[in-house]
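Engineer: Here it is, the structure, as structure tokens.
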Amino acid sequence: MPFYLIQYSYTSEAWRALVTGTAERDRHKAVEPLLKRHGGRFPLLTFEGDPPITVMDKFAAFGGSDVIAIVYFPDNQRAAAFAMSVLAGGGVKSFTTTPLLTLEEAIKSMEMAGAAFATYVPPKDPPKP
């Protein structure tokens, strides 16, 4: 399943609209129709514990990004189209999409790399006399 980590930062104009309430503050309501139009969705993330914590979609953050989310898209083209649509709206100043692997996919990749590792010869400086 193609999951992606998306990170973005709002422009100062977007922050002004959010702070003053002239824009929809629940960005889930604002972005979900666009996400669905591109075949995407927010997965429910459940963290075990007592009580378990379920996150509906994304996190507001402070630091390098204002919003961080894990999203699902059927393929890279749809993920790219979503990013382009958000950026074209002008409310964000940066948008990063990182493809994610499930643990099972990562282990299979490690196995494939291990099987092929011996065939790769890295570039090296010639030995010094």
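The values are calculated or read from the model by the stated rules, or taken from the named source; none is laboratory data. It should be emphasised that the depicted structure is a prediction, and the values quoted were computed from it without experimental measurement. Here the Cβ is made from the backbone with ideal geometry for all residues, glycine too, and neighbour counts use every protein chain on show.
Engineer: Being touching a helix residue (DSSP H, G or I) at 6+ places or on another chain (Cβ under 8 Å) and part of a strand (DSSP E or B) is the filter; apply it to the stretch 54-71 and report the residue that is modelled with the lowest pLDDT.
Structural biologist: The residue in question is Lys58.
Engineer: Right, next: I'm trying to understand the selection: among the residues of the stretch 21-48, which are assigned to a loop (DSSP other than H, G, I, E, B) and among the aromatic types (Phe, Trp, Tyr)?
Structural biologist: Listed by number, the list holds a single entry, Phe42.
Engineer: (1) part of a helix (DSSP H, G or I); (2) among the charged types (D, E, K, R); (3) free of Cβ contacts under 8 Å to residues at least 12 places away in the same chain: which one isn't true of Glu13, the others all being true?
Structural biologist: (3)
Engineer: Could you pull out the residue among Pro51, Pro123, Pro99, Pro74 that is part of a loop (DSSP other than H, G, I, E, B) and in contact (Cβ under 8 Å) with a residue 40 or more places away in the chain?
Structural biologist: The unique qualifying residue is Pro74.
Engineer: Could you count how many residues in the stretch 78-96 are assigned to a helix (DSSP H, G or I) and either touching a residue at least 24 places away in the same chain (Cβ under 8 Å) or on the phi > 0 side of the Ramachandran plot (or both)?
Structural biologist: Result for the stretch 78-96: 7.
Engineer: I would also like to ask the following. Quick one: Leu100 ticks every box in (1) of a type in the set (A, V, I, L, M); (2) surrounded by 13 or more Cβ atoms within 10 Å (Cβ to Cβ); (3) under 30 Å from Arg16 (Cβ atoms) except a single one, so which number is it?
Structural biologist: (3)
Rundown of residues vs (1) of a type outside the set (S, T, N, Q); (2) more than 30 Å from Ala106 (Cα to Cα); (3) surrounded by 12 or more Cβ atoms within 10 Å (Cβ to Cβ); (4) in contact with a Lys or Arg (Cβ under 7 Å, 6 or more places away or on another chain), yes/no style:
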residue: Ser9; (1), (2), (3), (4): no, no, yes, yes
residue: Trp15; (1), (2), (3), (4): yes, yes, yes, no
residue: Val19; (1), (2), (3), (4): yes, yes, no, no
residue: Thr22; (1), (2), (3), (4): no, yes, no, no
residue: Asp26; (1), (2), (3), (4): yes, yes, no, no
residue: Arg41; (1), (2), (3), (4): yes, no, yes, no
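Engineer: Additional query: Taking the stretch 49-87 on its own, how many of its residues are under 17 Å from Lys36 (Cα atoms) and either out of contact with any Leu (no Cβ under 9 Å at 6 or more places or on another chain) or not hydrophobic (A, V, I, L, M, F, W, C) (or both)?
Structural biologist: 15
Engineer: Here is a follow-up. So, in the stretch 43-78, of the ones that are over 15 Å from Thr97 (Cα atoms) and among the acidic types (Asp, Glu), which residue ends up surrounded by the fewest Cβ atoms within 10 Å (Cβ to Cβ)?
Structural biologist: Asp50
Engineer: A further question on this structure: Mind telling me which of the residues Gly89, Gly49, Gly39 ends up being among the small types (Gly, Ala, Ser) and at pLDDT below 90?
Structural biologist: Every option except Gly49 fails the conditions.
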